[in-house]
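Okay, so here's the structure we're looking at.
The values are calculated or read from the model by the stated rules, or taken from the named source; none is laboratory data. From a predicted model like this one, the values you see are computed outputs, not experimental measurements. Note that we place each Cβ from the backbone using ideal geometry, even for glycine, and neighbour counts take in every protein chain shown.
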Amino acid sequence: MKLSVLLPVMPLDVRAAMPFAAMVKHSPGHSLWQGQGLLLDSYQLFTALSAAGVGVPMGSGVALIPLRSPLEAAVQINSVMALSKQPMVAGFGPGAKSFQASVMQRPYSSPLTAMREYLGIVRELLTGQPVNREGQYFSLQAQLPPLHTNIAELGLGVLRPRMAALAGEVADVAITWMCPPSYISTVLQPALRAAAESAGRPSPRIVSVVPVAREVPGRDHAKLLWDGSQVHLGAPHYQDMLARAGIDVTAGTSSESTDRLLAGEVFLGGSLDRIGEGLQSYKAAGVDELVLNTTGVASVSADAALEELATILTEVSPE
């Protein structure tokens, strides 16, 4: 299982992201990931990092499809890969229903249909195929010249079984965020494999984004883990996924919920040995790449997040 790094800050310029990219470049870290950027566009930031001399393999996990047409997404992906000369995972998701409504006036009545149409168009564009589609949400007649021998891997944000099945049919990568390893192995992984087998294609590899924080003197690692994840934990689709996994984050105090999340290895915190045991659980669950999320630590200090990542990458091995 590979270890990668989530950019844990929302940078206002490329300099804030450079230390994290440089650390990936000069450490055992595999790639640099970023969620949906609302200050600096993720794709443009990846290109700027490469221009600054710290280009690394990159992952977008995930870009929200209400913000960008599939044609524009394909052009941007081609641009990033041509200008950076780096491999890329272009991950997509529909976003929460409340976000969809805020951007489009109403949410997708079928997020699965929207994602199927979107990824299908993007893949055809990236491979140079003529697109002639008329869908429920996305329609297009266009063609782009293929710019690369190896195109970007296309990823799909996956929390629940039906989206996992869709990823098995159409995606190269299934991207999970705060999904317990037990839930990945017993719920998501079987859905991915069964759908991929039915479609006659390889099962997507699994990339899991996991909040981490060491227990160090003078720092409440449990509080940092909660603080760095509370926005996601307040979203209904994350609460539903965790409930399916037997973890209720809607009852009791935040401290009690954090204890449940640590026990379920949704959060990895404590000693390096404990974090290492958690990494092994994700590896055993079939995760191919684990993305270390130090957003909570970075909310106190970006330097502390860098130190955290460097320590885990150099002293803890999931092999």
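Tabulated values for the structure
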item: Residues (among the aliphatic types (A, V, I, L, M) and surrounded by fewer than 20 Cβ atoms within 10 Å (Cβ to Cβ)) located in segment 25-69; result: 38, 39, 40, 51, 52, 64, 67
item: Among (1) outside any loop (DSSP other than H, G, I, E, B); (2) closer than 19 Å to residue 182 by Cα, the one test that residue 246 misses; result: (1)
item: Helices (runs of 4 or more DSSP H) (entirely within segment 250-319) containing at least 1 residues that are at pLDDT 95 or above and not assigned by TED's automatic domain parsing to the domain that holds residue 221; result: none
item: Residue pairs meeting the criteria (Cβ under 6 Å; at least 6 apart or on separate chains; first over 9 Å from residue 70 (Cβ atoms) and at pLDDT 95 or above, in segment 120-137; second surrounded by 13 or more Cβ atoms within 10 Å (Cβ to Cβ) and of a type in the set (D, E, K, R)); result: 135/117; 137/117
item: Test for residue 176: is it crowded, with 24+ Cβ neighbours inside 10 Å and either among the β-branched types (Val, Ile, Thr) or farther than 14 Å from residue 203 by Cβ (or both); result: yes
item: Residue 145 vs. criteria assigned to a loop (DSSP other than H, G, I, E, B) and farther than 26 Å from residue 232 by Cβ; result: yes
item: In segment 90-149, residue farthest from the chain's Cα centre (by Cα) [restricted to those that are closer than 21 Å to residue 167 by Cβ and charged (D, E, K, R)]; result: 133
item: Filter result for the condition that a residue is touching a Pro at 6+ places or on another chain (Cβ under 6 Å), in contact (Cβ under 8 Å) with a residue 12 or more places away in the chain and crowded, with 17+ Cβ neighbours inside 10 Å, over 76, 100, 143; result: 100
item: Out of 315, 289, 265, 308, sole residue that is in contact (Cβ under 8 Å) with a residue 40 or more places away in the chain and at positive phi; result: 265
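Table: residues versus (1) assigned to a helix (DSSP H, G or I); (2) modelled with pLDDT of 95 or more; (3) touching a Lys or Arg at 6+ places or on another chain (Cβ under 9 Å).
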position	(1), (2), (3)
151	no, no, yes
156	no, yes, no
166	yes, yes, yes
175	no, yes, no
179	no, yes, no
186	yes, yes, no
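For every residue, the table says whether it meets (1) under 22 Å from the mean Cα position of the chain (by Cα); (2) surrounded by fewer than 15 Cβ atoms within 10 Å (Cβ to Cβ); (3) part of a strand (DSSP E or B); (4) assigned by TED's automatic domain parsing to the domain that holds residue 248.
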{"residue": "196", "(1), (2), (3), (4)": "yes, no, no, yes"}
{"residue": "203", "(1), (2), (3), (4)": "yes, no, no, yes"}
{"residue": "207", "(1), (2), (3), (4)": "yes, no, yes, yes"}
{"residue": "210", "(1), (2), (3), (4)": "yes, no, yes, yes"}
{"residue": "218", "(1), (2), (3), (4)": "no, yes, no, yes"}
{"residue": "225", "(1), (2), (3), (4)": "yes, no, no, yes"}
{"residue": "229", "(1), (2), (3), (4)": "yes, no, no, yes"}
{"residue": "232", "(1), (2), (3), (4)": "yes, no, no, yes"}
{"residue": "238", "(1), (2), (3), (4)": "yes, no, no, yes"}
